[in-house]
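Every number here is computed from the coordinates shown, using simple stated rules; none is lab data. Because the structure is predicted, anything quoted here is derived from the model rather than measured. Cβ sites come from the backbone with ideal geometry, for glycine too, and all protein chains shown count toward neighbours.
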């Protein structure tokens, strides 16, 4: 079912942004039918411009190889599965980040998903050089290999879907991120109320423009406990189809760990979210969820 993959993708894009939430399936039927009059009119609306580049990242980084984050995934009002995000050891001059998503037994009756994404980030700038996806959806295998050319601001996408190979080429403006690495970049932003955020991000074989801001600092209660956190809010617009957009929200702790506590995204069928339920970090005792959350969605 496309909705299942869309929901999980939305969560991944929300954090990856992954859990800045990945949006509707880029190959869905809406891409093959003539646009409705309202959609055709909206398509003439230009993509929002990035008024300024992202600010310099904070140093030192809030994370290091060995950090493991675990999330509960909810889609359209029901528990959907689990997601883990792991910072791995440096490899060939890159800092790899691994994201795994797996549906639970309930959602597997609708669609069984077992997927792994890898983002290869520059160890100083956190900009990606490569991004890959490997997924099994029921009995169907799909894979994606994405290459970022920062000098030319170009992105090449090679994929295999339902046994068919294909590729796309895209360009981006100031910043080009992938959905799995974007959350780590955002954790290093010098947060302050009203700070604008704008960058282009790859997701579901398309490029999207994420525009938003840091809304405010909030005190939130989650399954892991009480935290002061920055609330980031934004909208992702598909660069080649501006009529397609989705709202996203992310909460990141206001401390030296900059933990991504939660992400909320929307798709046509409703809300999807990811909630941090445990984490472990080098030199720090692991922490598990102890109670019920009261964060308002």
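Kindly put 230, 208 in sequence by how many other C-beta atoms sit within 10 Å of each C-beta, fewest to most. Walk me through the numbers on the way to the answer.
Details: 230 22, 208 30.
Final ranking by Cβ density, sparse to dense: 230, 208.
If a/c stays under 1.5 just call it rounded; otherwise compare a/b with b/c (prolate if a/b is bigger, oblate if not). Do that for the stretch 201-244, with a ≥ b ≥ c from the square roots of the Cα gyration tensor eigenvalues.
Judged from the Cα gyration tensor, the stretch 201-244 comes out prolate (a/c at least 1.5, a/b above b/c).
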Sort 197, 183, 252 so that the residue with the fewest other Cβ atoms within 10 Å of its own Cβ comes first and the one with the most comes last. 197, 252, 183
Packing rank of 161-172, 234-245, where each peptide gets the mean count of other beta carbons within 10 Å, highest leading: 234-245, 161-172
